[in-house]
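Following: one structure in C-alpha cells, then a few remarks.
Laboratory data are not the source of any read-out in this text; all were calculated from the coordinates shown. Since the model is a prediction, treat every value here as computed from it, not as a measurement. Cβ atoms come from the backbone with ideal geometry, glycine included; neighbour counts cover every protein chain shown.
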Amino acid sequence: MNRKAAAWGRIGGTILVAASAALCLFGRPHQPRDRGAVAAEATEKEPAPTWGRPRFAEREAERREMVRDQIERRGITAPPVLDALRNVPRHEFVPKDLQGRAYDDTPLPIGRGQTISQPYIVAYMTDALRVRAGDKVLEVGTGSGYQAAVLSEITPNVFTIEIVKELGEQARERLARLGYKTIGCRIGDGYLGWPEHAPFDAIIVTCAPDQIPPPLIEQLKPGGRICIPVGAGRFSQELVLATKDAKGEIARRTLIPVVFVPLTREPKKEAPP
C-alpha cells in the first residue's frame, strides 16, 4: 500500500506543490495544541501501559541533532513525538548504501520505487494524530516500517498493512530483528483496513484515494482521528485530518497541499461463471 515514488523534491512520500514545499523545507507556523484539552483527554484515559521498547546507542547524537534542527525548529514540541524520533534508528530502515544519509532532511529510496519519508513529515503526521499511550493505531502503507516503529514508541498497539508483498515481508523481518515486538504486520489491501483489530483511535495513510475510504471511517472509534492525503489527481491532493464524532459524522480539516501516489487496491476477483 505504501507506493511512494522516489523522486527529487519528494517529502515524506509526497511531492509538495510550490506553496507547501516552502513550508516543509523552511518550516511553517506549527499550530499549538490546546494544552487544557490535551490534559483533559489524558485524565479520561486509563493509566498508561508499559511495554518494552528497544534502545540503540549507535548514531544517537545524529538523531538528537536531527530532532533539534529538523523537527523542533519547525515548531513541533510534543515530547512523545520528539522522543520517538530520537529513539528510532532511522539508519536501520534504509538500504545499506544510503545509511550514511539516514539522518538527512530528505526522503530516501527503499526499493520498488518507494521511499522512507522525510523525518519532519513523519513527525508532522504523528503529531497531528495526537497519539497517546494505549491508543490503538492503524497504519496503511508499511513501507520500510519506520513510521510504525515511531508510533510504537508512543503506544504498543500499532497495526500496519502493506500491499507490496516484498516490502511487507522485509518490514516484518526488520521490525522483529530490531526488537519492535508489539507491532502487528499484515500484507493486504489497506483500503479495507484491518477489521479484526478495529476500532482504532487513530489511522495514518501514506497514499492517496479520491475520498477517505468508508471502511477506514467505520473502523475509527468515536473521537478517532485519521490523517490521510485525499485527491483524485496528483496535483489536486490535500493532507486531511478528519475526526469522527459520536454519531459517526466526520469533521475534516485541510493541513497542507500534497502530491502522493494513488492508493493501490488488490485486483477484484471475477465471479465464477
| field | Residue order, fewest to most surrounding Cβ atoms within 10 angstrom, among Leu263, Leu239 | value | Leu263, Leu239
| remark: If Met125, Met66 are placed from fewest to most neighbouring beta carbons inside 10 Å, the sequence is Met66, Met125
| message | For the pair Leu192/Lys96, report the inter-label distance in nm, with labels modelled 7 Å from Cα in the Cβ direction. | response | 3.7
| said: In whole Hz and in residue order, list the ³J(HN,Hα) couplings for the stretch 91-106 that follow from phi through the Karplus curve 6.51 cos²θ - 1.76 cosθ + 1.60, θ = phi - 60°; x for Gly and Pro. | reply: 5, 7, 10, 10, x, 4, 6, 10, 5, x, 9, 4, 9, 6, 7, 6
| note | Residues whose modelled amide H sits under 5 Å from the amide H of Ile187, counting only those 5 or more places away in sequence or on another chain, are Glu162
| message | Tell me the net charge near Val88. Cut-off is 13 Å between Cβ atoms, Val88 excluded, with +1 for each Lys or Arg and -1 for each Asp or Glu. | response | +2
| Qualifying aspartates and glutamates (Cα of each under 18 Å from Cα of Lys181; at least 8 residues distant if same chain) | Glu92, Asp135, Glu139, Glu153, Glu162, Glu169, Glu173
| query | So which GluC sites (Glu not before Pro) in the stretch 202-269 pass both tests, a DSSP loop state and at most 16 other Cβ atoms within 10 Å of the Cβ? | reply | Glu249
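Mind running the shape call on the stretch 102-174? Use the C-alpha gyration tensor, a ≥ b ≥ c as the square roots of the eigenvalues: rounded below 1.5 for a/c, prolate if a/b tops b/c, oblate otherwise.
In terms of gyration-tensor shape, oblate.
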| field | Taking His197, His91 and counting other C-beta atoms within 10 Å, the order from fewest to most | value | His197, His91
| Where the centre of each part is set by its Cα atoms, how far does the stretch 154-206 sit from the stretch 74-90, in angstrom? | 20
